[in-house]
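Read the structure below first, then the notes.
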Amino acid sequence: MVKVNLDGVVREGQPDELLIDLINRAGGSVPHVCYHPQLGPVQTCDTCIVEENGRLIRACATKVADGMTISTKSAKASAAQVEAFDRILSNHLLYCTVCDNNNGNCTVHNTTKLLAIEHQRIPFRSKPYEVDNTNPFYRYDPDQCILCGRCVEACQNVEVNETLSINWEDPNPRVLWDGGSTIGESSCVSCGHCVTVCPCNALMEKSMLGHAGFLTSLKKSALSGMIEVVKGVEPETGYGSILQVSEAEEAMREHRIRKTKTVCTYCGVGCSFDVWTKDRHILKIAPEHGPANGISTCVKGKFGWGHINHEDRLTTPLIREDGKFREASWKEAIGLVARRLSETKAKDGADSVAFISSSKCTNEESYLMQKLARAVIGTNNVDTYCGLWR
Amino acid sequence: MARTTSTRTVGYGGDSGSITDMEKADLVVIIGSNTAESHPVIATRVKSSHKLDGQKLIVSDLRENEMARRADLFLHPKPGTDLIWLSAVSRYLLDNGLAHTQFLDQWVNGLDQYRKSLEPFTLEAAERLTGLSERTIRTVAHMIAEAKSTCILWAMGVTQQSQGSDTSTAISNLLLITGNYMRPGTGSYPLRGHNNVQGASDHGSMPNMLPGYQLVDDPEVRQRFETGWKVKLPSTKGLDNHQMVEAIHEGKLKAMYLIGEEMSIVDSNANYVGAAFEKLDFFVVQDIFFSNTCRYADVVLPGAPSLEKEGTFTSTERRIQRLYQVFEPLVGCQPDWKIIQDVANQLGAGWNYQHPSEIMDEIASLSPMFAGVNYERLAGYKSLQWPVAADGTDEPLLYTKRFAFPDGKARLFPVSWIGPTDQPNAEFDLHLNNGRLLEHFHEGNLTYRTEGIREKTPDTFVEVSPELAEERGIQSGTWVQLISRYGKVRVRALVTDRVHGKELYMPMNSVESPVNRLTSSHTDPVTNTPAYKEASVHLKVLNEVGDSPLPRINPRFGHPTPQGGVEVERKWKRADYAPPGNGNGNGLVQLQTKK
């Protein structure tokens with residue numbers, strides 16, 4: 001056990017614990033933009049700077065040590081935090097009200113609020129790059145990218161597909177795919193890690209764009225106009241009142257966006273995640289708390305849900321008649337199934353009937369299927385197709 | 001498959017530990033598993049530990065898949081010979097005093113008989129039969145002996161062989177003699193293919209087992225279920241799905257009810273299965289799409305996909321997790337549990353389940369293995385890894401105190417090598433391997449319905465080695481016909497060095513040209529798992545060249561840029577960077593805030 005004096009209160013930390021984790025556990029309010037517990041320290045954003053015995057350190061990159069005295073709120077630490085965040089804002093336009101990432105979990109928005117930023121001193125600088133829309137599932141907007149590097153860390157060291165990097169030596173750094181290819185022609189396997197960990201709207205699922213917000217589906221010209229208006233009033237009103245508007249819009253979203261936990265239907269790893277939906281539209285798959293996968297997914301779990309609302313879905317029972325299928329009511333279909341199964345059993349015995357359960361169905365459904373075979377028909381002829389895929 | 005194996009040696013039918021154990025292991029050995037494509041998120045954990053934490057990696061596969069390329073040691077044995085090198089490693093370790101004798105003395109039965117069974121597996125014999133050099137086999141042995149903890153992961157490349165269960169047993173034997181059970185970072189991991197393969201067998205969709213792996217011919221078990229269900233139960237083992245197909249052909253099986261499986265395409269020797277379905281007097285198929293199998297049905301019932309129902313799935317690490325209903329079922333569809341209940345009630349069963357949680361409560365009451373499972377303990381992201389005691393205690397790592405046999409000890413189970421079926425000859429001169437692609441699930445009934453996936457990976461193909469392509473005049477896009485002893489398919493070639501020599505690989509992502517039209521009905525005699533991976537074909541080059549079956553936008557054509565991470569040090573070296581708060585930062589002044 002390690003004892004740390006945190007803003008005048010002695011807190012107990014675990015050996016090897018990161019200072020940022022201790023601060024968060026203690027309910028502290030140190031900003032941190034690039035730090036994500038499942039990525040570890042990335043050290044790009046500098047917003048978690050705190051003061052330790054007169055010197056400034058990054059809380060994410062420091063392990064707690066016995067006897068440490070930490071001030072998170074000293075004038076020096078606060079000034080450094082704000083300065084660091086100002087640099088971030090020079091890479092990002094705060095058009096939150098018309099941004100599809102304005103859902104209460106935007107790190108840049110929330111940090112602006114936490115630090116009570118009113119005006120930015122370093123003006124926003126556009127980067128000389130186009131938006132990259134070449135991947136079917138997500139897009140990258142360099143102008144909104146704060147260069148925190150979470151996406152790079154996730155791609156290089158969590159997914160380990162090693163596609164993303166940042167060209168730090170360039171006058172205008174940005175995230176690169178395969179060192180400078182389009183996303184579409186890169187080695188990107190569309191696993192979605194980068195999009196999942198992006199703390200703002202630089203990397204967004206295309207299924208979110210124009211769908212998550214109330215005003216985000218407006219035409220581009222209208223949106224640009226609104227963004228200009230916001231930029232115009234900012235010097236006078238400050239960000240505080242602008243954020244109030246976006247938070248009102250965000251509150252409205254909460255009423256129509258549902259977040260439901262599910263478990264992936266593809267392979268046997270057992271990834272689980274929240275599915276964000278608006279009516280029957282899937283806004284995005286949000287992995288974070290799954291015991292097997294955390295922030296991880298593959299392309300199928302993150303983006304492969306086109307089958308759910310596909311027009312090919314069967315929506316009525318079918319009965320074969322004279323070599324053709326015709327639509328039937330549930331009552332008729334179930335009646336026919338029961339009648340034919342009973343007749344077969346009566347004529348040729350229970351063991352002339354067999355059941356194959358699905359390796360995609362739930363445990364409860366598999367259980368009922370074998371119960372139907374054993375307890376209702378009276379045969380042990382029950383298997384899963386996966387019997388072939390163990 | 002793995003169930004048979006681990007019940008032979010350690011007791012339970014499932015992964016002996018968790019994904020976190022694979023992460024922690026000092027050495028990971030992957031055999032016959034294209035982990036990066038078939039279990040992508042497990043692969044990330046191994047890749048990450050290998051890249052960042054010095055974990056060692058050995059891969060044995062025919063194909064140089066991503067894990068093979070990352071491995072410290074890549075073994076490419078002759079097809080179907082993993083059992084041999086595994087047994088040779090075991091013999092070498094025992095002969096050279098490298099086995100974990102204290103562990104063997106304390107925890108393992110059957111050593112003498114096992115040693116005797118290893119007699120044929122000398123290094124010389126292994127080199128001759130597997131094509132791996134003696135030196136390579138010795139290196140494997142020393143890497144395992146020197147590792148503090150070893151996990152072995154395997155999948156269909158092992159199990160879909162006529163000696164799949166014996167090879168799985170050889171893996172478990174090797175882990176036992178090296179003491180690689182009972183501790184974090186060790187154990188055996190037969191990776192499950194489908195999301196709920198584990199759960200389906202856990203819950204009694206097996207011809208010889210009631211839920212919780214309780215034998216149908218055990219009178220005590222049967223009595224418990226008879227009391228619970230208030231019926232008399234059949235006591236003789238039923239047919240497995242392979243035997244069902246045979247029984248239809250023999251005229252003994254007349255009616256079948258099948259849920260959610262594209263059996264007529266993905267089954268080995270697909271032609272033979274289709275012919276069987278045609279002979280059924282009555283066939284019910286329940287699915288969410290009109291699958292190929294539906295064509296044979298008399299009644300088709302529209303079920304509901306995972307997002308439209310409540311329930312639980314059990315993953316490869318024995319982890320039971322809840323899924324919540326995201327959408328109402330499409331109008332006209334019903335969750336499968338409701339449909340089954342309706343059929344049962346029409347037959348007079350009188351079931352009255354209002355919610356899947358009630359079904360789980362019944363399961364828990366009848367299966368000691370799931371005694372403590374209930375929906376409250378699985379709420380939200382909470383999960384349980386079976387066995388689950390009545391008080392809710394679960395076991396992320398099995399066998400920490402004892403093995404699951406009456407005396408608490410594991411058993412070495414001797415196996416011998418017989419050799420694969422459907423071998424190449426002069427006519428069928430090429431070995432055909434097959435399996436999954438990252439982007440598609442199985443034949444693609446679900447994944448082709450996502451436009452972006454279809455765009456990037458539109459079709460199946462057969463991978464041809466550069467050597468063979470040169471010899472036969474094949475380029476990417478050349479149409480070829482593959483002819484086996486059982487059937488033929490027409491498919492485009494993809495020339496790649498992922499495959500070597502006369503070995504082909506064909507992913508199974510096609511309904512029109514399913515690879516399993518080429519595979520045989522040979523099975524593992526222990527489990528009746530088909531030997532999908534044992535297929536020989538003749539390749540006929542057709543006089544037609546199309547586009548490459550994989551478009552340029554497929555990630556396999558990309559060029560990754562591996563580096564240590566975000567490499568923030570490079571940012572710090574920029575002339576315009578200074579740490580904030582030190583007053584020398586690019587003339588920065590502090591912001592105005594309301595604080």
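The values are calculated or read from the model by the stated rules, or taken from the named source; none is laboratory data. These figures come from a predicted structure and were not determined experimentally. Heads up, the Cβs are rebuilt from the backbone with ideal geometry, glycines too, and the neighbour counts pull from every protein chain shown.
Once segment A:275-310 is narrowed to residues that are under 16 Å from residue A:155 (Cα atoms) and assigned to a loop (DSSP other than H, G, I, E, B), the residue that is nearest to the chain's Cα centre (by Cα) is A:287. Annotation: of all residues in segment B:254-306 being within 26 Å of the chain's Cα centre (by Cα), free of Cβ contacts under 8 Å to residues at least 60 places away in the same chain and more than 9 Å from chain A (Cβ to nearest Cβ), the one that is nearest to residue A:320 (Cα to Cα) is B:285.
Checked against the criterion of being crowded, with 21+ Cβ neighbours inside 10 Å, free of Cβ contacts under 8 Å to residues at least 40 places away in the same chain and of a type in the set (Val, Ile, Thr), the candidates B:216, B:108, B:158 yield just one match: B:216. If you go through segment B:32-54 and keep only what is outside any helix (DSSP H, G or I), buried (at least 24 other Cβ atoms within 10 Å of the Cβ) and more than 8 Å from chain A (Cβ to nearest Cβ), you end up with B:32, B:33, B:34. Of the residues that make up segment A:164-172, is at least one under 27 Å from residue A:259 (Cβ atoms) and among the hydroxyl-bearing types (Ser, Thr, Tyr)? The answer is no, given that none of the residues of segment A:164-172 is under 27 Å from residue A:259 (Cβ atoms) and among the hydroxyl-bearing types (Ser, Thr, Tyr). Among the residues of segment B:315-363, those identified as more than 8 Å from chain A (Cβ to nearest Cβ), farther than 26 Å from residue B:389 by Cβ and polar (S, T, N, Q) are B:345, B:352, B:354. Considering the conditions (1) under 21 Å from residue B:411 (Cα atoms); (2) more than 9 Å from every other protein chain (Cβ to nearest Cβ), residue B:162 is excluded by exactly one of them, (1).
Only a single item in (1) outside any helix (DSSP H, G or I); (2) more than 20 Å from residue B:363 (Cα to Cα) is not met by residue B:217, and it is number (2).
Residues are listed down the side, and each one gets a yes or a no for (1) without any contact (Cβ under 8 Å) to a residue 60 or more places away in the chain; (2) more than 27 Å from the chain's Cα centre (by Cα):
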position	(1), (2)
B:310	yes, no
B:347	yes, yes
B:357	yes, yes
B:366	no, yes
B:370	no, no
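Within the set A:55, A:11, the sole residue that is of a type outside the set (A, V, I, L, M, F, W, C), modelled with pLDDT of 95 or more and not assigned by TED's automatic domain parsing to the domain that holds residue A:123 turns out to be A:11. Quick check: is even one residue across segment A:283-298 at the interface with chain B (Cβ under 7 Å from one of its Cβ atoms), surrounded by fewer than 23 Cβ atoms within 10 Å (Cβ to Cβ) and within 30 Å of residue B:39 (Cα to Cα)? Looking for residues that are at the interface with chain B (Cβ under 7 Å from one of its Cβ atoms), surrounded by fewer than 23 Cβ atoms within 10 Å (Cβ to Cβ) and within 30 Å of residue B:39 (Cα to Cα), one finds at least one in segment A:283-298, hence yes. The strands (runs of 3 or more DSSP E) located wholly in segment B:475-566 that include 1 or more residues which are closer than 18 Å to residue B:423 by Cβ and touching a residue at least 40 places away in the same chain (Cβ under 8 Å) occupy B:478-484, B:503-507, B:536-545. For residue B:227, the stated conditions do not hold, so it cannot be described as polar (S, T, N, Q) and in a loop (DSSP other than H, G, I, E, B).
If only residues of segment B:447-456 that are within 21 Å of residue B:35 (Cβ to Cβ) and in contact with a Lys or Arg (Cβ under 9 Å, 6 or more places away or on another chain) are counted, the one that is surrounded by the fewest Cβ atoms within 10 Å (Cβ to Cβ) is B:447.
Could you list, in sequence order, the residues of segment B:353-368 that are among the hydroxyl-bearing types (Ser, Thr, Tyr) and within 11 Å of residue A:368 (Cα to Cα)? Steps first, answer last, please.
Our first condition is that a residue be among the hydroxyl-bearing types (Ser, Thr, Tyr); within segment B:353-368, this holds for B:353, B:357, B:365, B:367.
Matches in segment B:353-368: B:353 only.
Evaluate the following for residue A:334: is it out of contact with any His (no Cβ under 7 Å at 6 or more places or on another chain), at the interface with chain B (Cβ under 7 Å from one of its Cβ atoms), surrounded by 16 or more Cβ atoms within 10 Å (Cβ to Cβ) and in contact (Cβ under 8 Å) with a residue 24 or more places away in the chain? Steps first, please.
Details: out of contact with any His (no Cβ under 7 Å at 6 or more places or on another chain): yes; at the interface with chain B (Cβ under 7 Å from one of its Cβ atoms): yes; surrounded by 16 or more Cβ atoms within 10 Å (Cβ to Cβ): yes; in contact (Cβ under 8 Å) with a residue 24 or more places away in the chain: no.
Criteria not met by residue A:334.
Can you tell me which residue in segment B:195-212 is nearest to the chain's Cα centre (by Cα), limited to those that are part of a loop (DSSP other than H, G, I, E, B) and more than 21 Å from residue B:244 (Cβ to Cβ)? Before you say what the answer is, go through the steps one by one.
Here is the first cut: in segment B:195-212, the residues part of a loop (DSSP other than H, G, I, E, B) are B:195-196, B:203-205, B:207-208, B:211-212.
Checking the rest, the ones that are also more than 21 Å from residue B:244 (Cβ to Cβ) come to B:195, B:212.
On the way: B:195: 10, B:212: 20 Å.
Checked segment B:195-212; the qualifying residue nearest to the chain's Cα centre (by Cα) is B:195.
Which residues, counting only those in segment A:212-248, are in contact with a Ser or Thr (Cβ under 7 Å, 6 or more places away or on another chain) and part of a loop (DSSP other than H, G, I, E, B)? Correct list: A:215 only. For residue B:393, indicate whether it is part of a loop (DSSP other than H, G, I, E, B) and farther than 22 Å from residue A:272 by Cβ. Against the criterion (part of a loop (DSSP other than H, G, I, E, B) and farther than 22 Å from residue A:272 by Cβ), residue B:393 does not qualify.
What about residue A:153, is it under 19 Å from the mean Cα position of the chain (by Cα), within 17 Å of residue A:34 (Cα to Cα) and not in a strand (DSSP E or B)?
Values: under 19 Å from the mean Cα position of the chain (by Cα): yes; within 17 Å of residue A:34 (Cα to Cα): yes; not in a strand (DSSP E or B): yes.
It is true that residue A:153 is under 19 Å from the mean Cα position of the chain (by Cα), within 17 Å of residue A:34 (Cα to Cα) and not in a strand (DSSP E or B).
Hey, among B:184, B:207, which residue is modelled with pLDDT of 95 or more and surrounded by 24 or more Cβ atoms within 10 Å (Cβ to Cβ)?
Details: B:184 fails: surrounded by 24 or more Cβ atoms within 10 Å (Cβ to Cβ).
Exactly one of B:184, B:207 is modelled with pLDDT of 95 or more and surrounded by 24 or more Cβ atoms within 10 Å (Cβ to Cβ), namely B:207.
Per-residue answers, yes or no, for (1) assigned to a helix (DSSP H, G or I); (2) of a type in the set (S, T, N, Q); (3) under 27 Å from residue B:576 (Cα atoms):
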{"site": "A:47", "(1), (2), (3)": "no, yes, yes"}
{"site": "A:60", "(1), (2), (3)": "yes, no, yes"}
{"site": "A:76", "(1), (2), (3)": "yes, no, yes"}
{"site": "A:81", "(1), (2), (3)": "yes, yes, yes"}
{"site": "A:86", "(1), (2), (3)": "yes, no, yes"}
{"site": "A:91", "(1), (2), (3)": "no, yes, yes"}
{"site": "A:102", "(1), (2), (3)": "no, yes, no"}
{"site": "A:111", "(1), (2), (3)": "yes, yes, yes"}
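Exactly one residue out of A:52, A:130 is closer than 28 Å to residue A:21 by Cα and without any contact (Cβ under 8 Å) to a residue 60 or more places away in the chain: that is A:52. Across segment A:79-107, the number of residues qualifying as within 14 Å of chain B (Cβ to nearest Cβ) and either within 25 Å of residue A:142 (Cα to Cα) or buried (at least 22 other Cβ atoms within 10 Å of the Cβ) (or both) comes to 13. Take the residues in segment B:232-244 that are assigned to a loop (DSSP other than H, G, I, E, B) and in contact with a Gly (Cβ under 7 Å, 6 or more places away or on another chain), then tell me which one is surrounded by the fewest Cβ atoms within 10 Å (Cβ to Cβ). If we take residues in segment B:232-244 being assigned to a loop (DSSP other than H, G, I, E, B) and in contact with a Gly (Cβ under 7 Å, 6 or more places away or on another chain), then B:234 is surrounded by the fewest Cβ atoms within 10 Å (Cβ to Cβ).
In segment A:371-390, the count of residues that are out of contact with any Asp or Glu (no Cβ under 6 Å at 6 or more places or on another chain), more than 7 Å from every other protein chain (Cβ to nearest Cβ) and either surrounded by fewer than 24 Cβ atoms within 10 Å (Cβ to Cβ) or β-branched (Val, Ile, Thr) (or both) is one or more.
It is to be established whether one or more residues within segment B:87-106 are aliphatic (A, V, I, L, M) and within 26 Å of the chain's Cα centre (by Cα). Yes, segment B:87-106 has at least one match. Contact annotation: residue pairs with Cβ atoms under 7 Å, 6 or more positions apart or on different chains, pairing a residue in segment B:127-149 that is without any contact (Cβ under 8 Å) to a residue 24 or more places away in the chain with a partner that is not in a helix (DSSP H, G or I), are B:127/B:133.
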